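Worksheet: one structure, shown below.
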Ligand SMILES: [Zn+2]
Ligand SMILES: [Zn+2]
Ligand SMILES: [Zn+2]
């Protein structure tokens, strides 16, 4: 999986929500991958450009179908794969294993999930460094940080206990 540049290192105006170059050229880039620029794909790109944070594939399908009832889930999922290949979105898995998509090209991170309140927090590379180093040193295993989702209890829920 491709490493994204850190938030601060990116030039301004290159996030997905601002009609950036990466979205503007998406038609050409899909074309290079042998995918036609169809109204359904355009709808998905429009929906993504207006979304921030995490969104599930099912939610994207639903939002696309609200705008264009001819959209099929397979079109949405296939296009999401290509957009991830192009580095425009990134997926991780929620505690239930479901794929969720990040629509901003943010730095790689893992997630904490509170099983009591359902809250989600991001774990950055610096915060995860000790854990990742231990896995690498003791097991020779390189953890894919974007696929690290840990379930537990957040501070608020612990103190409410
Ligand atoms: Zn995955
Ligand atoms: Zn909680
Ligand atoms: Zn996240």
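Give me Rg/Rg_expected for segment 34-161, where Rg uses Cα atoms only and Rg_expected = 2.2 N^0.38 Å with N residues.
On the way: Rg = 17.2 Å, N = 128, 2.2 N^0.38 = 13.9 Å.
Expressed relative to 2.2 N^0.38 Å, the Cα Rg reads 1.24.
Considering the convex hull of the alpha carbon atoms of segment 43-106, report its projected area averaged over all viewing directions, in nm², one decimal. Intermediate results must be reported in sequence, preceding the final value.
Details: hull surface 16.3 nm².
Result: a mean projected hull area of 4.1 nm².
Laboratory data are not the source of any read-out in this text; all were calculated from the coordinates shown. Worth saying up front: this structure is predicted, and the values here are computed from it rather than measured.
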